Amino acid sequence: MTFVYPSEPLAVVPPSMAPRPRLTFVGTGYLGATYAICFSELGYEVLGLDVDEPKVAKLAAGQVPFHEPGLDDLLRKNLAAGRLRFTTSYEEVAEFGDIHFICVGTPQRADGMAADLSFIENAITSLAPHLRRKALIVGKSTVPVGTAEWVQHLVLGNADPSAEVEVAWSPEFLQEGFAVEDVLRPNRVVFGVKSDWAKAMLYAAHKGVFELAATEDREVPVVVTNFATAELAKVAANAFLATKISFINAMAEVCGASGGDVTMLAKALGHDARIGNRFLRAGIGFGGGCLPKDIRAFQARAQELGVGEALRFLSEVDLINQRRRQHIVRLAAELLGRSVGPAGPDLRGARIAALGATFKPNSDDVRDSPALSVVRKLSRAGADVTVYDPQGTENARIVVPDVTYANSLPEAVADADLMCVLTEWEEFRNADPIALAKLIRTPRVIDGRNCLDAALWIRAGWQYQGMGR
């Protein structure tokens, strides 16, 4: 394969006159810190900004404040090389940067399903007044369609008109646990622009990505479009993934009632090229800081636009997802021979080992984690719950402090009446069922992620219960 540059962009000289555009990333949470570190690895001069002084100090000292495989080494490498710095000063960012990527959070509002855009507003109104030369502000945060136009009005109202600051939107498509690869080797990039200059600047900002692809004989598809389509590219992708996950979980409910095996059903569906086999593993549902709040914000925005009926199905997607969490509690009651009354299952006195706290493996993120939601429900039903997670314990303690946390898998399982696998960590998938059977009081397991070898565990003497199997 011969690498073909995605298009023929206009030649552009960065306003700073540097050989490559100088990049800033406003907001150094998961999104901003990952991009800042990875783009410095691609050879760019990068400055990350955050208003959280302890976070900035930690990053500047070479410590990533969250777990993401491979990122710590890249941070220390590029700090030492002098390509990467962090600050709390908007003045310094404005003076330094040619392209300013906005990477702040857009959480769900406390008073409804819509996205809270206050962090976006604060970032723009704090940065724009300090811009003294031409610059490009690029949104990367996941936002409701129409946000980029609003940001453009904020810039016009807060920046010096003579600076001719422009706005663009280029959404992120990171998967936690694989984020370094997703930045360095993206499967596509999307540019929402209004001018040839903005397009050329974004190409220049991604030239390192394209050059890396060329050395590896790959192409990076580039979609150049308008603001609205760029914004929708991210939220529509999340809505589709959420729908696919909830679909297979709905099929798990049908299989459970009819005697079908959802794992075999998923294999049969996955062989259809029109469907594919990814995201077809039934379990306890999706979570994290993106999918749940994004599908709700998408619905809220559709209502505002007068097309709420078009996304009505996302309400059921959300409901299916929430229902999977309570399903684990009912399965626990069944396996333990406990009653299920009007108030729900009675698990008083039962000792349950919960394996997993993060919303997915290879992460320490517990935001809207299905695993922690199940832990809460088990505890509220009266169970004595002990949780073990390879990376997420510290964050989980903050969210759910009133359960026991173990330091190892054997410690969590010891003398338990039931083991629930709630996050598909490799350590759990590869656990020895014979060894664990000697530790647990009664060898019962709920495989909440369908990640265990059922036949192997059954042969080892375990009472096994999967999802829709």
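Observations, loosely collected:
- Which numbered condition L439 fails, given (1) on the phi < 0 side of the Ramachandran plot; (2) touching a Cys at 6+ places or on another chain (Cβ under 6 Å): (2)
- Candidates R444, R429 - the one that is of a type outside the set (D, E), under 28 Å from G289 (Cα atoms) and either surrounded by fewer than 22 Cβ atoms within 10 Å (Cβ to Cβ) or at pLDDT below 95 (or both): R429
- For D346, the stated conditions do not hold, so it cannot be described as touching a residue at least 40 places away in the same chain (Cβ under 8 Å) and either crowded, with 19+ Cβ neighbours inside 10 Å or in the same structural domain as S369 (by TED's automatic domain parsing) (or both).
- Of all residues in region 98-113 being more than 18 Å from the chain's Cα centre (by Cα) and aliphatic (A, V, I, L, M), the one that is farthest from V183 (Cα to Cα): A110
- For region 85-106, the tally of residues that are out of contact with any helix residue (DSSP H, G or I) (no Cβ under 7 Å at 6 or more places or on another chain) and either among the β-branched types (V, I, T) or surrounded by fewer than 23 Cβ atoms within 10 Å (Cβ to Cβ) (or both) stands at 5.
- G112 fulfils the conditions (1) among the small types (G, A, S); (2) out of contact with any Leu (no Cβ under 7 Å at 6 or more places or on another chain); (3) surrounded by 20 or more Cβ atoms within 10 Å (Cβ to Cβ) except for a single criterion, (3).
- Count of region 125-144 residues, restricted to those that are assigned to a loop (DSSP other than H, G, I, E, B) and within 13 Å of A230 (Cβ to Cβ), is 5.
- So T358, is it over 21 Å from the mean Cα position of the chain (by Cα) and of a type in the set (V, I, T): no
- Condition check for F298: of a type in the set (F, W, Y) and either exposed (fewer than 15 other Cβ atoms within 10 Å of the Cβ) or in a helix (DSSP H, G or I) (or both): yes
- So K140, is it charged (D, E, K, R), over 23 Å from V189 (Cα atoms) and in contact with a Phe, Trp or Tyr (Cβ under 9 Å, 6 or more places away or on another chain): no
- Residue in region 320-339 that is among the hydrophobic types (A, V, I, L, M, F, W, C), at pLDDT 95 or above and farther than 25 Å from Q463 by Cα present: yes
- Any helices (runs of 4 or more DSSP H) falling wholly within region 388-469 and containing at least 1 residues that are within 23 Å of P65 (Cα to Cα), out of contact with any strand residue (DSSP E or B) (no Cβ under 8 Å at 6 or more places or on another chain) and not basic (K, R): 393-399, 426-429
- If only residues of region 328-359 that are assigned to a loop (DSSP other than H, G, I, E, B), touching a helix residue (DSSP H, G or I) at 6+ places or on another chain (Cβ under 7 Å) and of a type in the set (A, V, I, L, M) are counted, the one that is nearest to R429 (Cα to Cα) is A357.
- Here the helices (runs of 4 or more DSSP H) wholly within region 1-84 that include at least 2 residues being at pLDDT 95 or above and touching a helix residue (DSSP H, G or I) at 6+ places or on another chain (Cβ under 7 Å) are 30-41, 71-81.
The values are calculated or read from the model by the stated rules, or taken from the named source; none is laboratory data. Treat the numbers as computed from the prediction; the structure is a model and nothing was measured. Neighbour counts are summed over all protein chains in view; Cβ atoms, including those assigned to glycine, are modelled from backbone coordinates with ideal geometry.
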